[in-house]
Amino acid sequence: MSTRNGTGQPTSRDYSYSRAWRQFSRLVLHPGLRLLIKCRWQGKQNIPKTGGIILAPNHMSYVDWATIALFSDGYAHRYPVFMIKLIGPLMYKFGQLPVYRGRGDAGLVLKQAEQALRAGAAVIVYPEGTATRDPGLWPMVGKTGAARLALTTGAPVIPIAQWGAQHILPYGTSKPHLFPRKTVQMVAGPPVDLSAYAGQRLGASTLRAATADIMADITALLAGLRQETPPAVPYDPAAAAQLPGSRTDGGSSPFAPSDPAAPSDPAAPSDPAGPADPAGPAGIA
């Protein structure tokens, strides 16, 4: 049984999902999505069948939460637990973790994610925290939430690259392009090797280094899907906000990665979701 704080938000809960909702998703949502998109999935063997795991995909579109949900549940048979903003307590019934922007409950959100992982959930964490602003749609500098959760709980981080959802609904637009049907490719890689950070104090430098390793694995998978070479240095939106232009003509970012654990870090008490999308899945940190 859940208890609630003064705002009515659960402070602890059973992270089991609503079986009725999962049945609805399988009978209605899954077939509906498959009618709208062509799926090319790879890497199921890299996703553990049981136990808490962190699924860490790149983020390009408002609709790619739906494709990762289908990939996780319909392909890998792991029911996804998202960080969802601006949805409300109803999402708790679906096994999700609502995020309330601008409230002092970031620590609570992270604790809930930790508890979900320890209960054996597959938690979706977008390491970038929002849809990429990289002009070439490559992954940006990540925030530290996925690394923080992995190093705190011991849950493996499964890097996931996806490509194609941006053709359905490009970021910043509101009109979907459903026809002709678009192909969405997705691949899961082996767990990110974070053994070098085991036992270390979770300071900013450790979290940044672990986050860079996670983003490097995601970027390598995406390069394989796209059959292209990614930028030598990932795009850093914090640095781009301070200096005009985001990319040199040679395709590499002129910015050194900034500190994702700085005050804008969503893991800070002031904002659990950071500069993420106004609705939809949120990154932790």
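The values are calculated or read from the model by the stated rules, or taken from the named source; none is laboratory data. It should be emphasised that the depicted structure is a prediction, and the values quoted were computed from it without experimental measurement. Please note: Cβ atoms are built from the backbone with ideal geometry, for glycine as well, and neighbour counts cover all protein chains shown.
Residues of the stretch 140-155 being at pLDDT below 95 and within 21 Å of Q166 (Cβ to Cβ), which ones? Once the filter is applied, which keeps residues that are at pLDDT below 95 and within 21 Å of Q166 (Cβ to Cβ), the stretch 140-155 yields only K143.
Could you tell me whether any residue of the stretch 261-280 is surrounded by fewer than 19 Cβ atoms within 10 Å (Cβ to Cβ), farther than 25 Å from W65 by Cβ and modelled with pLDDT of 50 or more?
Residues of the stretch 261-280 that are surrounded by fewer than 19 Cβ atoms within 10 Å (Cβ to Cβ), as a first pass: 262-264, 268-270, 275, 278-279.
Adding the requirement that they be farther than 25 Å from W65 by Cβ leaves 262-263, 269.
Right, trim to modelled with pLDDT of 50 or more and you get none.
Scanning the stretch 261-280, I find no residue that is surrounded by fewer than 19 Cβ atoms within 10 Å (Cβ to Cβ), farther than 25 Å from W65 by Cβ and modelled with pLDDT of 50 or more, so the answer is no.
For the stretch 43-80, a residue qualifies if it is part of a loop (DSSP other than H, G, I, E, B) and in contact with an Asp or Glu (Cβ under 8 Å, 6 or more places away or on another chain), and the qualifying residues are N58, H59, Y62, Y79.
Residues checked against (1) among the small types (G, A, S); (2) modelled with pLDDT under 95; (3) within 18 Å of T132 (Cβ to Cβ); (4) crowded, with 24+ Cβ neighbours inside 10 Å:
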position	(1), (2), (3), (4)
W163	no, no, yes, no
G172	yes, yes, yes, no
P180	no, yes, no, no
V184	no, no, yes, yes
A188	yes, no, no, yes
L207	no, no, no, yes
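Under 27 Å from P48 (Cβ atoms), of a type in the set (G, A, S) and in a strand (DSSP E or B), is that true of A146? Here the answer is no, as A146 does not meet what is asked.
The residues in the stretch 20-42 that are in contact with a Lys or Arg (Cβ under 8 Å, 6 or more places away or on another chain), outside any helix (DSSP H, G or I) and either among the hydrophobic types (A, V, I, L, M, F, W, C) or within 21 Å of A122 (Cα to Cα) (or both) can be counted, and the count is 1.
When only residues in the stretch 175-190 that are charged (D, E, K, R) and part of a loop (DSSP other than H, G, I, E, B) count, which is farthest from H59 (Cα to Cα)? Walk me through how you get there before you give the answer.
Narrowing the stretch 175-190 to residues charged (D, E, K, R): 175, 181-182.
Going one step further and asking which of them are part of a loop (DSSP other than H, G, I, E, B), we end up with 175, 181.
Numbers: K175: 18, R181: 20 Å.
So, considering only residues that are charged (D, E, K, R) and part of a loop (DSSP other than H, G, I, E, B), the one farthest from H59 (Cα to Cα) is R181.
A search for C-beta distances below 8 Å between a residue of the stretch 119-139 that is modelled with pLDDT under 95 and any residue that is part of a strand (DSSP E or B) and surrounded by fewer than 21 Cβ atoms within 10 Å (Cβ to Cβ), counting only pairs 6+ apart in sequence or on different chains, returns nothing. Among the residues in the stretch 142-151, are any of a type outside the set (F, W, Y) and surrounded by fewer than 20 Cβ atoms within 10 Å (Cβ to Cβ)? So far as the stretch 142-151 goes, no, none of its residues is of a type outside the set (F, W, Y) and surrounded by fewer than 20 Cβ atoms within 10 Å (Cβ to Cβ).
Could you please tell me which pairs satisfy a Cβ distance under 7 Å, a separation of 6+ or placement on different chains, a first residue in the stretch 162-177 that is polar (S, T, N, Q), and a second residue that is not in a loop (DSSP other than H, G, I, E, B)? Taking only residues 6 or more apart or on different chains, the pairs are Q162/P57; Q162/D64; Q162/T67; Q162/I68; Q162/V184; Q162/Q185; Q162/M186; Q166/S61.
Just for the stretch 27-59: of the residues that are hydrophobic (A, V, I, L, M, F, W, C) and at pLDDT 95 or above, which one is surrounded by the fewest Cβ atoms within 10 Å (Cβ to Cβ)?
Residues of the stretch 27-59 hydrophobic (A, V, I, L, M, F, W, C): 27-29, 33, 35-37, 39, 41, 47, 53-56.
Subset that is at pLDDT 95 or above: 41, 47, 53-56.
Numbers: W41: 17, I47: 22, I53: 24, I54: 27, L55: 25, A56: 32.
That would be W41.
Of the residues A212, A238, A216, A223, which is at pLDDT below 95 and outside any loop (DSSP other than H, G, I, E, B)?
Values: A212 fails: at pLDDT below 95; A216 fails: at pLDDT below 95; A223 fails: at pLDDT below 95.
Only one candidate qualifies: A238.
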